[in-house]
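Here the structure comes first, spelled out in structure tokens, and everything after it is commentary.
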Amino acid sequence: MTKLTARHPKHAKQKHPKILLYGGAGEGKTMGCLGFPSTYMIDCEGGATLGHYTDILAKSGGVYMGSDDGANDMDVVVQQVMALATEKHSYRTLVIDSYTKLYNTAIQIEYDRLAGKGQDMSKTFGAEKKPAIAGTRKLIRWLDHLDMNVILVCHQKAVWKNGEQIGESYD
């Protein structure tokens with residue numbers, strides 16, 4: 001008996017898209033995400049609380065999770081994604097807006113914790129990023145288990161080389 005498990009490509013299960021969306025302020029990233037079907041919106045920035053945003057989200061059958069609900073806590077967000085991956089629900093699209101804010105908040109929380117313990121932060125290069133990186137790895141692992149569309153919204157940043165801006169990328 002063979003141990004090979006590959007199958008004909010036509011029998012592969014089609015997956016939902018996992019999208020990283022980035023752009024500058026005011027370019028319509030949040031607005032564009034709200035119209036996706038049955039959106040589970042994790043709003044780390046509070047940008048989707050205005051009436052015209054909530055109207056679109058409600059019309060598409062979506063729900064809202066804001067910072068008061070834990071949207072800026074990496075562990076809470078990972079737990080929500082785990083629940084979406086393991087519980088029966090009717091949501092079809094997960095939006096995390098913005099992942100940049102969630103990631104940077106995790107870094108700042110750890111920085112404050114380390115500095116509060118009296119550590120000289122100039123001598124602990126990158127230590128404040130470890131929990132954010134670990135949380136990101138766990139999040140990505142669980143996003144792969146979701147049978148949903150996924151949109152991670154990120155801020156845009158400049159890319160520099162030899163003191164010259166050569167383009168833009170996600171932050």
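Name the pairs: first residue in region 105-122 and within 18 Å of G70 (Cβ to Cβ), second residue basic (K, R) and at pLDDT 90 or above, Cβ to Cβ under 6 Å, at least 6 apart or on different chains?
I107/K129
Quick one: count up the residues across region 6-19 that are within 29 Å of A83 (Cα to Cα) and at pLDDT below 90.
Residues meeting the conditions: 8.
Results for (1) open to solvent by 30 Å² or more (accessible area, probe 1.4 Å); (2) among the acidic types (D, E); (3) in a helix (DSSP H, G or I), shown as yes or no for each residue.
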site: A83; (1), (2), (3): no, no, yes
site: S90; (1), (2), (3): yes, no, no
site: I96; (1), (2), (3): no, no, no
site: R113; (1), (2), (3): yes, no, yes
site: Q119; (1), (2), (3): yes, no, no
site: W142; (1), (2), (3): yes, no, yes
site: Q156; (1), (2), (3): yes, no, no
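Which of the residues belonging to region 94-120 are touching an Asp or Glu at 6+ places or on another chain (Cβ under 7 Å) and farther than 18 Å from V76 by Cα?
Answer for region 94-120, where residues must be touching an Asp or Glu at 6+ places or on another chain (Cβ under 7 Å) and farther than 18 Å from V76 by Cα: Y111, L114.
Looking at region 51-60, can you tell me whether even one residue there is open to solvent by 70 Å² or more (accessible area, probe 1.4 Å) and either in contact (Cβ under 8 Å) with a residue 40 or more places away in the chain or within 18 Å of the chain's Cα centre (by Cα) (or both)?
No; the residues of region 51-60 include none that is open to solvent by 70 Å² or more (accessible area, probe 1.4 Å) and either in contact (Cβ under 8 Å) with a residue 40 or more places away in the chain or within 18 Å of the chain's Cα centre (by Cα) (or both).
Kindly establish whether G32 is within 20 Å of Q156 (Cβ to Cβ), open to solvent by less than 40 Å² (accessible area, probe 1.4 Å) and either of a type outside the set (K, R) or at pLDDT 85 or above (or both).
no
The values are calculated or read from the model by the stated rules, or taken from the named source; none is laboratory data. Predicted, not measured: the structure shown is a model, and the values here were computed from it. Positions of Cβ are backbone-derived with ideal geometry, glycine not excepted, and every protein chain shown enters the neighbour counts. These area figures cover heavy atoms from the full protein model, side chains too; ligands, DNA and RNA do not enter into them. Shrake-Rupley method; radii C 1.70, N 1.55, O 1.52, S 1.80 Å.
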